[in-house]
1. State whether one or more residues within region 216-223 are surrounded by fewer than 16 Cβ atoms within 10 Å (Cβ to Cβ), at pLDDT 95 or above, more than 21 Å from residue 69 (Cβ to Cβ) and touching a strand residue (DSSP E or B) at 6+ places or on another chain (Cβ under 6 Å).
2. Quick check, is residue 58 touching a residue at least 24 places away in the same chain (Cβ under 8 Å), over 14 Å from the mean Cα position of the chain (by Cα) and surrounded by fewer than 21 Cβ atoms within 10 Å (Cβ to Cβ)?
3. Report, ordered by the first and then the second residue, all pairs with beta carbons closer than 7 Å, sequence separation of six or more or different chains, a first member in region 214-239 that is farther than 23 Å from residue 84 by Cα, and a second member that is crowded, with 19+ Cβ neighbours inside 10 Å and at pLDDT below 95.
4. Strands (runs of 3 or more DSSP E) wholly in region 105-184 with at least 2 residues that are at pLDDT below 95 - which ones?
5. In this structure, is residue 47 closer than 24 Å to residue 143 by Cα, touching a strand residue (DSSP E or B) at 6+ places or on another chain (Cβ under 8 Å) and in a loop (DSSP other than H, G, I, E, B)?
6. Looking only at residues that are under 28 Å from residue 171 (Cβ atoms) and over 18 Å from the mean Cα position of the chain (by Cα) in region 224-246, which one is surrounded by the most Cβ atoms within 10 Å (Cβ to Cβ)?
7. Assess whether residue 101 counts as being assigned to a loop (DSSP other than H, G, I, E, B), more than 20 Å from residue 214 (Cα to Cα), out of contact with any helix residue (DSSP H, G or I) (no Cβ under 6 Å at 6 or more places or on another chain) and modelled with pLDDT under 95.
């Protein structure tokens, strides 16, 4: 069984709150220098940068989970990942059908650029990506799982944009593959206050918006090989696969 170091929550320059040096090339090079074998690309409400990151990461021997961090209508952040370009595109279309198209102001909202492998800007999203979708977190979960994807509520104990901040509790019957806890929270502390969800797997990630943050907080996947299905099995604690965090 392999012990694989992963950071599943990384934003690129496409995210309005990310630094402008968060290019696909720079992200992959930083991940490689940190010894990461799995990275997750999770821009706010967009999957458009994933395939470029994957193409570069493949050359470095790093596996890329492709997806997005979507904001539900309750303003809950949800990490979503997909196993192939077709499902990724289908989810992108779901986002575009459900996002509120608020006019994008680069002076306020940041760059929101899609780059190619040479750091050339090939597209700039012209509506603000930092708004909620017209879909609740339960609907988002259903859509993701119908596409064979992975659904993980993000930083569930953070003081904003989380299950606890928006609902006041973490639902025990939540149909999630795992829960991400805020990277500075000890797991034992979280479980002391939320023992009813101890049956879930837990992940910690950097939620990187800057290069220096990549790999600062990680999860370790105990898996037989590195692929989407093995990662999903580890999150679901299947066949002796598991995820470990500090």
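The values are calculated or read from the model by the stated rules, or taken from the named source; none is laboratory data. Note that the coordinates shown come from a computational prediction; the quantities given were computed from them, not determined experimentally. So basically every Cβ, Gly included, is an ideal-geometry build from the backbone, and we count neighbours across all protein chains shown.
1. Applying the first criterion (surrounded by fewer than 16 Cβ atoms within 10 Å (Cβ to Cβ)) to region 216-223 yields 216, 222.
Subsequent filtering for residues that are at pLDDT 95 or above retains 216, 222.
Next, from what is left, pick out any that are more than 21 Å from residue 69 (Cβ to Cβ): 222.
Going one step further and asking which of them are touching a strand residue (DSSP E or B) at 6+ places or on another chain (Cβ under 6 Å), we end up with 222.
Yes, region 216-223 has at least one match.
2. Considered against the rule, which asks whether it is touching a residue at least 24 places away in the same chain (Cβ under 8 Å), over 14 Å from the mean Cα position of the chain (by Cα) and surrounded by fewer than 21 Cβ atoms within 10 Å (Cβ to Cβ), residue 58 comes out as no.
3. Short answer, once both residue conditions are applied: 217/183.
4. Values: elements: 113-115, 121-124, 150-153.
Because the criterion is at least 2 residues that are at pLDDT below 95, the strands (runs of 3 or more DSSP E) in region 105-184 that meet it are 121-124.
5. Yes: the conditions hold for residue 47.
6. Here the residue is 241.
7. When the stated conditions are applied, residue 101 passes them.
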